[in-house]
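Chemist: I'd like to ask you about the structure that follows.
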Amino acid sequence: MHPLLNADLHSHSTLSDGTLEPEVLARRARDQGVELWALTDHDELSGLQRAADAAQAAGVAFLAGVEVSVSFAGETVHIVGLGVDIHDTALAQGLARTRTGRLQRARDMAAGLAQVGIQGAFEGALAYVTNPDLVSRSHFARWLVDTGVCRDHGDVFRRYLTQGKPGYVPHRWAGLGETVQWIRGAGGIAVIAHPGRYKFTPTEEYALFSEFTAHGGEGVEVLTGSHGAADVEKYTAMALEFSLAASRGSDFHSPEESRIDLGGLPDLPATLEPVWQRIWDRVRHPAAGPAQAIRPPAPG
Ligand code: AMP
Ligand code: MN
Ligand code: MN
Ligand code: MN
C-alpha cells in the first residue's frame, strides 16, 4: 500500500480542452510534486505519446488515460480509462466515432447563441482550438469570457451552455457498455469521473453505478477538483458498497481556470483501495527521478 502516493489521474492538454501542451503539463506535474500522472484528454489519444515521453524526461511515473463522453439516462457522463494501450485499434475507432459530430454541434451552438444576439461564436471558439476534431464547450467559454460577454466560466455555463440555455445543443455520445469494453479491451481500468457533478435522481445514479459495475467498470473518482466534503463522503460509501477502487484526479485544464492544480488534492480515505494498485503493471516508470522511490503494491 502507498496511501500517500501523490497520484493525479485526471488532466487535460491542448489535444482536448486544456490550455497547456502535454510537455508543459508533465513538467508542471513534476514541479507540483505529482509522483504518478495520467493525461486524460476528452475522447482523444493523440497527446499520450508526447505525454509519456515528457513524463519520462521529467522523472514522473505515467499512466496513459482518456476521458470518454457517454450518454446515460439523458445526461452526459464521463468515464475515465486508465492504463490503456495507446495503440489499441478498437479504442481508437470507438473514440473517433465519439468525436464525430462535434464540429456540427459547434455550428449549432453558435446558431443558438446568434439567436440571442451573440454573433461570430463559431469562428471565435475555433480560434481557441488546437485539435480540430475536438471543439468543446470550454473553447466557447474562453471566447465568451475573453470578449467580455461573460464574467467567468461558471457564468458562461450557467447562462449559455447548459441544458435549456441558448448555446446548448443535446448530443448523442458513446454508450456506457461499449465504453467500458473499449477501455478493458485496451488493457485499462474504467472509472466513473466526478460523480458529484451529474444531475441524477438517486434511482438514476444507482442505475449508473449498477450498470457500470455489471459492464466491468472497476473504479470511481472519489477525489476530484469539483467534489466538496459531502461528495467525498458520499462516494467513499458508494465505492465501498459497489466494491469499486478509488481514483484521485484534479481534472486540471488551465492555470487560469482550474481551482485545483495538478497534485493539489488531499489523500484518499484510508478505507479505500487506490485504483493504481489494480493497474500497476500499466505504469511507465521513468529511468530516474523522484518516482524511483515508488514501489509496486504489496500482493493481496
Ligand atoms: P463538451 O465535451 O464539449 O460538452 O465540454 C465539456 C467540458 O466543459 C467539460 O469537460 C469541462 O471542461 C467544461 N465544463 C462543463 N461544465 C462546466 C462548468 N459548469 N463550469 C466550467 N466548465 C465546465
Ligand atoms: Mn473538459
Ligand atoms: Mn469530465
Ligand atoms: Mn476532465
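The values are calculated or read from the model by the stated rules, or taken from the named source; none is laboratory data. Note that the structure is a prediction, hence the values are computed from the model and not measured. Cβ sites come from the backbone with ideal geometry, for glycine too, and all protein chains shown count toward neighbours. All accessible areas refer to the heavy atoms of the entire protein, side chains included, with ligands and DNA or RNA removed. Shrake-Rupley method; radii C 1.70, N 1.55, O 1.52, S 1.80 Å.
Chemist: What number of residues within the range 223-241 satisfy the criterion of being open to solvent by 50 Å² or more (accessible area, probe 1.4 Å), more than 16 Å from ASP267 (Cβ to Cβ) and out of contact with any Gly (no Cβ under 9 Å at 6 or more places or on another chain)?
Modeler: 3
Chemist: Working only within the range 210-222, note down all residues that are away from ligand 2 (no atom under 16 Å from the Cβ) and crowded, with 21+ Cβ neighbours inside 10 Å.
Modeler: Our first condition is that a residue be away from ligand 2 (no atom under 16 Å from the Cβ); within the range 210-222, this holds for 210-220, 222.
Listed by number, the residues that qualify are PHE212, GLY217, GLU218, GLY219, VAL220, VAL222.
Chemist: Let me ask you something else. Just checking, does the range 108-126 include any residue being in a helix (DSSP H, G or I) and within 16 Å of ligand 2 (Cβ to nearest atom)?
Modeler: Yes.
Chemist: Which is in contact with a His (Cβ under 7 Å, 6 or more places away or on another chain) and not in a helix (DSSP H, G or I), of SER243, SER247, SER226?
Modeler: Within the list SER243, SER247, SER226, the selection yields SER226.
Chemist: Determine if the range 51-58 includes at least one residue that is more than 16 Å from ligand 4 (Cβ to nearest atom), under 21 Å from HIS171 (Cα atoms) and assigned by TED's automatic domain parsing to the domain that holds TRP280.
Modeler: No, every residue in the range 51-58 fails to be more than 16 Å from ligand 4 (Cβ to nearest atom), under 21 Å from HIS171 (Cα atoms) and assigned by TED's automatic domain parsing to the domain that holds TRP280.
Chemist: Which numbered condition in (1) more than 16 Å from ligand 2 (Cβ to nearest atom); (2) of a type in the set (A, V, I, L, M, F, W, C); (3) buried (at least 23 other Cβ atoms within 10 Å of the Cβ); (4) without any contact (Cβ under 8 Å) to a residue 60 or more places away in the chain is the only one that CYS150 fails?
Modeler: (3)
Chemist: Shifting gears a bit: Counting just the residues of the range 25-51 that are assigned to a helix (DSSP H, G or I) and either open to solvent by 10 Å² or more (accessible area, probe 1.4 Å) or charged (D, E, K, R) (or both), which one comes out nearest to ligand 2 (Cβ to nearest atom)?
Modeler: Looking at residues that are assigned to a helix (DSSP H, G or I) and either open to solvent by 10 Å² or more (accessible area, probe 1.4 Å) or charged (D, E, K, R) (or both), I get ARG28.
Chemist: Quick one: would you say ARG184 is within 15 Å of ligand 4 (Cβ to nearest atom), within 18 Å of the chain's Cα centre (by Cα) and without any contact (Cβ under 8 Å) to a residue 40 or more places away in the chain?
Modeler: no
Chemist: Related question: So, of the residues in the range 1-26 that are away from ligand 4 (no atom under 15 Å from the Cβ) and among the aliphatic types (A, V, I, L, M), which turns out to be nearest to the chain's Cα centre (by Cα)?
Modeler: Checking each candidate, the answer is ALA7.
Chemist: So if I check each of ALA73, ALA61, ALA29, which one is aliphatic (A, V, I, L, M), away from ligand 4 (no atom under 13 Å from the Cβ), in the same structural domain as THR224 (by TED's automatic domain parsing) and under 30 Å from THR203 (Cβ atoms)?
Modeler: Only one candidate passes the filter, namely ALA73.
Chemist: All but one of (1) under 15 Å from ARG278 (Cβ atoms); (2) of a type outside the set (D, E, K, R); (3) touching an Asp or Glu at 6+ places or on another chain (Cβ under 9 Å) hold for GLY249, so report the exception by its number.
Modeler: Of (1) under 15 Å from ARG278 (Cβ atoms); (2) of a type outside the set (D, E, K, R); (3) touching an Asp or Glu at 6+ places or on another chain (Cβ under 9 Å), only one is false for GLY249: (1).
Chemist: Is there a residue being under 19 Å from HIS42 (Cβ atoms), acidic (Asp, Glu) and either part of a helix (DSSP H, G or I) or more than 16 Å from ligand 2 (Cβ to nearest atom) (or both) anywhere in the range 155-175?
Modeler: Checked the range 155-175: no residue is under 19 Å from HIS42 (Cβ atoms), acidic (Asp, Glu) and either part of a helix (DSSP H, G or I) or more than 16 Å from ligand 2 (Cβ to nearest atom) (or both).
Chemist: Oh, and also: Quick one: which of THR89, THR130 is open to solvent by 10 Å² or more (accessible area, probe 1.4 Å) and not assigned by TED's automatic domain parsing to the domain that holds VAL68?
Modeler: Exactly one of THR89, THR130 is open to solvent by 10 Å² or more (accessible area, probe 1.4 Å) and not assigned by TED's automatic domain parsing to the domain that holds VAL68, namely THR130.
Chemist: Could you give every pair whose Cβ atoms fall below 7 Å, whose first residue belongs to the range 246-260 and is within 19 Å of GLU67 (Cα to Cα), and whose second residue is surrounded by fewer than 17 Cβ atoms within 10 Å (Cβ to Cβ) and at pLDDT 95 or above, counting only separations of at least 6 or pairs across chains?
Modeler: SER250/GLY264; ASP251/SER226
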